[in-house]
Amino acid sequence: MADMRTPLNKVRGLGSARGGTEHFWRQRLTAVSNIPLIIFFIGFVAAYSGSSYEEIRAALAQPVSALLMGLAFVSVLYHMRLGMQVIIEDYVHGEGWKIALILLNTFFPVIVGAIALYSLLRIAFGG
């Protein structure tokens with residue numbers, strides 16, 4: 001059986017893809033966790049469409065609702081980051097562009113997540 005590792009990875013004891021299995025499982029775990037969280041999110045939006053701000057704020061003030069909504073934000077953004085990283089690594093061939101896009105791919109979900117969680121907390125705590 002042929003050894004597919006590079007000479008440097010043979011010395012380090014790493015496989016040809018290094019952390020590919022961990023990345024694979026994280027993406028699958030977030031995909032599975034997104035199923036109930038997105039169902040909750042869609043149900044929440046459907047149940048409170050047309051409601052007043054006060055009704056929505058009261059619903060999000062409930063700990064379970066706020067927690068599930070926050071988990072949905074975090075899980076979806078992390079899943080998006082993992083998926084976009086694979087796309088960038090596979091289809092962007094210029095090293096400069098690849099590095100720039102990986103950096104943007106890292107900071108964009110953090111910024112959007114911080115804004116979403118801050119907004120959620122402000123609404124939940126009556127800001």
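Below is a table of values for the structure above.
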| item | result |
| --- | --- |
| Selected residue (only one of Leu77, Leu37 is surrounded by 11 or more Cβ atoms within 10 Å (Cβ to Cβ), more than 30 Å from Thr6 (Cβ to Cβ) and in contact with a Gly (Cβ under 6 Å, 6 or more places away or on another chain)) | Leu77 |
| Within the range 59-100, tally of residues that are under 19 Å from the mean Cα position of the chain (by Cα) and of a type in the set (Val, Ile, Thr) | 5 |
| Odd one out for Ile56, checked against (1) more than 14 Å from the chain's Cα centre (by Cα); (2) at pLDDT 95 or above; (3) buried (at least 16 other Cβ atoms within 10 Å of the Cβ) | (2) |
| Yes/no for Val74 being assigned to a helix (DSSP H, G or I), modelled with pLDDT under 95 and either under 30 Å from Thr21 (Cα atoms) or not hydrophobic (A, V, I, L, M, F, W, C) (or both) | no |
| Failed condition for Ala66, given (1) more than 25 Å from His23 (Cα to Cα); (2) without any contact (Cβ under 8 Å) to a residue 24 or more places away in the chain | (2) |
| Hits in the range 9-25 - residues which are within 16 Å of the chain's Cα centre (by Cα) and either modelled with pLDDT of 95 or more or loosely packed, with under 13 Cβ neighbours inside 10 Å (or both) | Glu22, Trp25 |
| Within the range 75-104, tally of residues that are in contact with a helix residue (DSSP H, G or I) (Cβ under 8 Å, 6 or more places away or on another chain) and under 18 Å from Asn34 (Cβ atoms) | 12 |
| Unique residue being in a helix (DSSP H, G or I), of a type outside the set (Lys, Arg) and touching a Lys or Arg at 6+ places or on another chain (Cβ under 8 Å) when the list is Asn34, Asn105 | Asn105 |
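The values are calculated or read from the model by the stated rules, or taken from the named source; none is laboratory data. Model, not experiment: these values are computed from the prediction. Virtual Cβ from ideal backbone geometry, glycine too; neighbours counted across all protein chains shown.
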